[in-house]
1. Collect the residues in the stretch 470-498 that are within 13 Å of ligand 1 (Cβ to nearest atom) and under 59 Å from the mean Cα position of the chain (by Cα), keeping them in residue-number order.
2. Those residues that are within 16 Å of ligand 1 (Cβ to nearest atom) and either modelled with pLDDT under 95 or within 13 Å of VAL558 (Cα to Cα) (or both), I need them from the stretch 591-605; list them, please.
3. Go through the stretch 529-549 residue by residue and tally those that are within 16 Å of ligand 3 (Cβ to nearest atom), among the small types (Gly, Ala, Ser) and over 60 Å from the mean Cα position of the chain (by Cα).
4. Within the stretch 379-411, track down each residue that is without any contact (Cβ under 8 Å) to a residue 24 or more places away in the chain and either over 18 Å from ALA342 (Cα atoms) or in contact with a strand residue (DSSP E or B) (Cβ under 6 Å, 6 or more places away or on another chain) (or both).
5. Run down ALA526, ALA503 and say which single residue is within 16 Å of ligand 3 (Cβ to nearest atom), surrounded by fewer than 17 Cβ atoms within 10 Å (Cβ to Cβ) and part of a helix (DSSP H, G or I).
6. Out of the residues in the stretch 631-652 meeting the condition of being more than 12 Å from ligand 3 (Cβ to nearest atom) and within 18 Å of GLU581 (Cα to Cα), tell me which one is surrounded by the most Cβ atoms within 10 Å (Cβ to Cβ).
7. In the stretch 115-159, what residues are touching a Gly at 6+ places or on another chain (Cβ under 9 Å), of a type in the set (Ser, Thr, Tyr) and either crowded, with 17+ Cβ neighbours inside 10 Å or outside the structural domain of ALA44 (by TED's automatic domain parsing) (or both)?
8. Residue by residue through the stretch 191-209, note down the ones that are in contact with a helix residue (DSSP H, G or I) (Cβ under 9 Å, 6 or more places away or on another chain) and assigned to a helix (DSSP H, G or I).
Amino acid sequence: MKIIHHMPVRRKITLIIMLVSMVSLTLAVSAFLLTERSNARQFAANNLQTMAEIIAANSKAAILFRDNIAAEETLEFLHYQDHILAAIIYGPEFEPFAVYKRPGINIDMVAPSAQESKTLFWKDHVELVNSISHEGAHVGHIYLRSDFRLIHDQLSRYVIIALLVFFASLLISFLLSARMQRIITEPLQRLSEIARQITTEKNYSLRLQGESRDEVGNLLTDFNEMLNQIQLRDEELEVHRTALEDLVAQRTAALELTNSKLEAAKREAERIAERMEYHAHHDALTDLPNRPLLIDRIDIALSHAHREQTLAGMLFLDLDRFKLINDSLGHAIGDRLLRVVAQRLKNSIREDDTVARLGGDEFMVLLPTIEKTSDAGYIGKRIIDALNEPVTCDGYELNITTSIGVSIYPYDGKDTDTLIKNADISMYRAKSLGRNKLVYYTAEMNEESRKRLLLETDLRKALEKQELALLYQPIVDTRRKKIIGAEALILWNHPNLGMVHPAEFIQIAEDTGLIIPIGEWVIRSAFQKLREWHDAGHLDMRVAVNLSPTQLTRPGLVSIVEHAIDEFQINAYKVDFEITENVAMQNLDTVIVTLDKLKQLGISISLDDFGTGYSSLSHLHTLPVDTIKIGQSFVRNIPDCMGDMSIAQAIIAMANSLDLSVIAEGVENIKQMNFFRQQGIHVIQGHFFSKPLPVDELMEMLETRSTLFPLNVVN
Ligand code: C2E
Ligand code: MG
Ligand code: MG
């Protein structure tokens, strides 16, 4: 059945026609052969019957007369009947009367069993038994045997002919059906081919030709109609497709444009990301690695040093007085200086080492592998020397120095934080030892640094917690035997540490910038007291206020002072601002401008602790200074130290020549006082007269003049 399903239609049609033909031909041939057989038998029976009747008629008399010979003669004519094999005439008692046998044929004499006539058909012969009667009376029987083979032969011929006709008909019907099926299948085949062609070529203009009005014709017409529809749709589709393609092309172009923009944006973003990544790890100003990158590298260096059992060194650098340069000459010059410093640092180290900027004027050098502790010192010294070369910036020749603290892995710490912290502590020690120095970390430094950190934290709140106070140290005119003024000296009443002296926290205030609010508070408090003294009638009283370098170099000081003068309605001519020599070192121009403005307000300027700093006489000449205060460091050893006495004398001579007033401070005894009086210096400050006092005590002293007691014992 499957084979039939897969057969082409034309084969199926042929097969159907063949099957139908075969069935009909078989039926026809079978009918014909059966009819012929029946006819042949009928004919044989009739023939035998006729012959029996003839023989009966002719032998009737011979039977009656028992004349065998006559009977046998009657049978003689059977010689001419080829198909008769035997004939026997029986008498009334079924006794054979006359016999005829075709020569060569051996037949048993069978006696007829009954009187009636009957015809028996055997395989190869036909037998007939017929009764012979005369005038109604039975006189005998006749037996005839006819050869049936002739009829068989004839029938066989018919069969052959029928088969020939059968096969010829089959062949003809095959040929005819093979030809005729084309009427049906050819259009279908064409349809199939066209359909296939349309499928492959997508050519919907193809059509099928056919005029028949039958189902196939209708099918072709419907197919063509369907093609018309498809073609129409296809054309519409084509229009849409073109429109769509145009749209897609436009969109693609737009997308490509957007894509290229996106690509560009992506590249830009990547570039920015790279830069951000770079900036995340590098200092923008100097291009040096920043703190996070440094920490990474230290971490790596430490694990390497740990594995290899080697030493690693860390140098913590802080430029000395950089803030002064920055504040006075401006950030642009400060920045340029930092870049030069960065370059010099890079030039001083090996490629494996890292120099990083931690911020401001702080740098750190990592030496990942050193053989001995002294290697770090050696490199540190090289850096100090490299920085000692003056830097020329915008016409300024700047002298920059650095203080370096050194910590060594594993002796001074096992982890990054500790090593950085300890290097930092050593750096502070280097600063306190006079700057431009390199100091190795020692365990004792930690306590000092911890204290400093504590002070720094507490100092931030000291002002608002009103822990700061001003003491006033009288300044005495020994000739007039009169307190002519007082220097405001700050003191910090720390809740746990007790009294903290300015030497211990002024530098911290400077470093942290807290000096600005603290300084303002000092100015306002001192001005307020001056107002009170004047109100109390001590109209000669002056007040001396210490100014730090930062206050002088940052803008805003003049307006703070103006406001305070206004607020307390004081006479500015009674105010002395004490500045240190160092303030004028690097930022001369700015300082001079500020000092000039202050002087225009009426304020006098004193140079505090003269001789202890890096004074340059030419600077002194250009500074708008009114008074020089000879520092306690020289006074201390007078009159025992000839050198100090000479310096003091030289300072006094110089001050005289420049027409500057002189105050001797730190005078503790009468000898010292006398020395200065002999030098013509009559304005004295020191423990000899009074320690710095709370403001009430000073007021009392002003009233009682008790502090002047020592003057009464001398002339
Ligand atoms: P300075 O301006 O030179 O102040 C004089 C210092 O010498 C004071 O120390 C004072 O107590 C001390 N002194 C005075 N007479 C004698 C004496 O006979 N013998 C001895 N041994 N010392 C004497 P103090 O109060 O510890 O102040 C130290 C420094 O702190 C000051 O030195 C000044 O530079 C600074 N300072 C004090 N108050 C302020 C302030 O309000 N602002 C700023 N910026 N600095 C201040
Ligand atoms: Mg002072
Ligand atoms: Mg002083």
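1. ILE490, LEU491, TRP492
2. Once the filter is applied, which keeps residues that are within 16 Å of ligand 1 (Cβ to nearest atom) and either modelled with pLDDT under 95 or within 13 Å of VAL558 (Cα to Cα) (or both), the stretch 591-605 yields VAL591, THR594, LEU595, LEU598, ILE603.
3. The number of residues fulfilling the criteria is 1.
4. Residues satisfying the conditions are PRO390, GLY395.
5. ALA503
6. ALA648
7. Across the stretch 115-159, the qualifying residue is only SER131.
8. Residues satisfying the conditions are LEU191, ILE194, ALA195, ILE198.
The values are calculated or read from the model by the stated rules, or taken from the named source; none is laboratory data. Given the structure is predicted, the values throughout are model-derived calculations rather than measurements. In this analysis, Cβ positions are derived from the backbone assuming ideal geometry, glycine residues included, and neighbour counts consider all displayed protein chains.
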